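Working notes for the structure below.
The values are calculated or read from the model by the stated rules, or taken from the named source; none is laboratory data. On a predicted model such as this, the values are computed, not experimentally measured, just so you know. Using ideal geometry, Cβ is built from the backbone for each residue, glycine included, and neighbour counts are taken over all protein chains shown. These area figures cover heavy atoms from the full protein model, side chains too; ligands, DNA and RNA do not enter into them. Shrake-Rupley method; radii C 1.70, N 1.55, O 1.52, S 1.80 Å.
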Amino acid sequence: MMARSWGVSFNKMLKMTPGELHQVDPKHFQYIRAKDVAEFPDELLFALHPEQVKMLKPISFSEVEPKKLHHLLTKLTELVPDEEDEVIVTDEEGKEKKQFGAKETIRRAIKKAEEVQAKKRELEELRSLRDEDALIGETNFMNAHYVAAKLDITLRFMYNLADAGEFEMLNMYNKLVVEKHSFLDYLNRSRVAGSKLDEKGKPLYKTITDPDTKEVAVMEAPDERGVMKPVYEAVELEPITEIPTLYAAEVFAKEIGVDHRTFIRNCNAGFYDYYKLGATYKMSKEDFHACIQRNYEAQTKASTGRKPQRLKYQG
C-alpha cells in the first residue's frame, strides 16, 4: 500500500489566498474528500490549476454545485484547450493506471454532482413531510424511506437496527415500513439528556458521601471504553411523540466554530442533549438551540453585571 504523503492539510489550504493555493504541489490533493472540496470558497475552487484537478476523482467534486463546476470547466478549457481526456500514468509503486484529464474529470463530476443534488432534493422533500403524511393508510406504520431521511441515516443502518430488535420494520403493500410507536420507543432510548448547569454554565456532577469519613466525592462510572468518567446530573426530557429531523453533530460544530471532536467531547460532558444512533451523534435544531439557551440562562441567573460566557468556548 502506498504510504500517505503528509504535507499541506486541507485546513491550511482553506486559509490560503488563490495565488498560494495555486502553488500547492498537486500530490497533496489526492487525499481530499468530497465534503472538503465542497468547502472551498469560489475564489479557491476556481484557482485550482489542471494538475491539481487531475489528482482528484470526479466523485471528489460531487458535493459542489453543478453551476460552479460548469464555470470551473470553462476556466480549464481556457488553460488547457488541447488536453487529452485520458492518459496512462505510473504511480509511486510503478503500476500503470488510467488518469482523466482535468476537463474530463470535471465533465464527469458535473453528472455526479447533478445526481447528488437530485438525491438531496428528494431527501429534503421527505424530511419536510409530517408524520401523518408518511403513514400507510389508517395504520401506525410509516414509510421507512421517510424515517431514514428524517434521521439522516441509511436504510441499511435501519435494517441492522431492526434485525437487532430495536423496532419493528417489515414490507407492507409492497412498501418498506416502520411501526411508529416501536420506533419512537427506540429514539427515546437513544436520546441522551444533557447536564444541569451551574452558574458558570458548567455541568453539575453527582456526588457520593462516604458513610464513615463523610467525605464527599464526585461519582464516576465507566464509559463505553471502560474509562472511569464523572457522572453528571442529567436534565429531564419530555418523551418525543413525533419523528424529529436530525443532523450530524458536525453541522452544529461548524455553526459554533469548533471542530467535530471538541463538539463530541462537549456532548459527552453534558453540554448538549443528543441522539446516539449506533456510533453516530445526531441532534435536532430544536435541541441544539434549547441547550444554548439553557447554558445562557444558567449563567445569567447568577451573573448580575457579568456577561455570560458563550457555550462555543466550552471544552
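If R0 is taken as 51 Å, the Cβ-Cβ distance between residue 117 and residue 235 corresponds to a FRET efficiency of 0.85.
Taking all protein chains together and rolling a 1.4 Å probe, residue 228 ends up with roughly 100 Å² accessible. Were the residues from residue 276 through residue 87 laid out at 0.36 nm apart, the gain over their Cα-Cα distance would be 63.4 nm. Semi-axes of the equivalent ellipsoid of region 1-154 are 37, 17, 16 Å, computed as sqrt(5λ) over the eigenvalues of the C-alpha gyration tensor in descending order.
Over 14 Å apart: what share of the alpha carbon pairs of region 232-277 falls there, rounded to a whole percent? Tail fraction, whole percent: 56.
For the chain, give the percent of accessible area contributed by carbon and sulfur heavy atoms, probe 1.4 Å, rounded to a whole number.
Here it works out to 50 percent.
Residue by residue, region 104-121 carries 3J(HN,Hα) couplings of 5, 4, 6, 4, 5, 5, 4, 5, 5, 5, 5, 5, 5, 4, 5, 5, 5, 5 Hz when phi is fed to the Karplus relation 6.51 cos²θ - 1.76 cosθ + 1.60 (θ = phi - 60°); x denotes Gly or Pro. A compact globular protein would have a Cα radius of gyration near 2.2 N^0.38 Å; the ratio found for region 257-302 is 1.22. Computed from the Cβ-Cβ distance with R0 of 51 Å, the FRET efficiency linking residue 293 to residue 27 stands at 0.60.
If 243, 153, 292 are ordered by their accessible area, calculated over protein heavy atoms with a 1.4 Å probe, which sequence runs from highest to lowest?
292, 153, 243
The calculated Kirkwood hydrodynamic radius for region 7-97 is 13.9 Å, given to one decimal from all distinct C-alpha pairs.
Extension gain, residue 16 to residue 131, is 36.8 nm, computed as 0.36 nm per intervening residue step minus the present C-alpha separation. The loop-placed chymotrypsin sites (Phe, Trp or Tyr not before Pro) in region 45-128, going by DSSP, that have at most 15 neighbouring Cβ atoms within 10 Å of their Cβ come out as 46.
Note on residue 219 and residue 174: their simple-model spin labels are 5.5 nm apart, each label 7 Å out from Cα toward Cβ.
With all protein chains in place and ligands, DNA and RNA left out, the 1.4 Å accessible area ranks 227, 216 as 216, 227, largest first. Sorted largest first, the principal axis extents computed over the alpha-carbon atoms of region 134-197 equal 49, 24, 20 Å. Surface analysis of the chain yields an accessible area of 60 Å² per residue, using protein heavy atoms and a 1.4 Å probe. Note on region 94-160: the alpha carbon radius of gyration divided by the globular reference 2.2 N^0.38 Å gives 1.72.
Please give the solvent-accessible surface of residue 121 in Å², to the nearest 10, using a probe radius of 1.4 Å with every protein chain present. Surface accessible to solvent at residue 121 totals approximately 140 Å².
Compactness ratio for region 134-256: Cα radius of gyration over 2.2 N^0.38 Å (N = residue count) comes to 1.45. Given in Å, the Rg to one decimal and the Dmax to the nearest whole number for the Cα atoms of region 57-141 are 20.1, 63.
Which value, in Å to one decimal place, does the Kirkwood hydrodynamic radius take for region 88-201 when every pair of different Cα atoms is included?
18.0 Å
If I model the chain as equal point scatterers sitting on the Cα atoms and use the Debye formula, what is log10 I(q)/I(0) at q = 0.06, 0.08, 0.11, 0.13 Å⁻¹? At q = 0.06, 0.08, 0.11, 0.13 Å⁻¹ the computed log10 ratios are -0.32, -0.56, -0.93, -1.11. Each semi-axis of the equivalent ellipsoid for region 194-272 is √(5λ) with λ an eigenvalue of the Cα gyration tensor; in descending order they amount to 29, 16, 13 Å.
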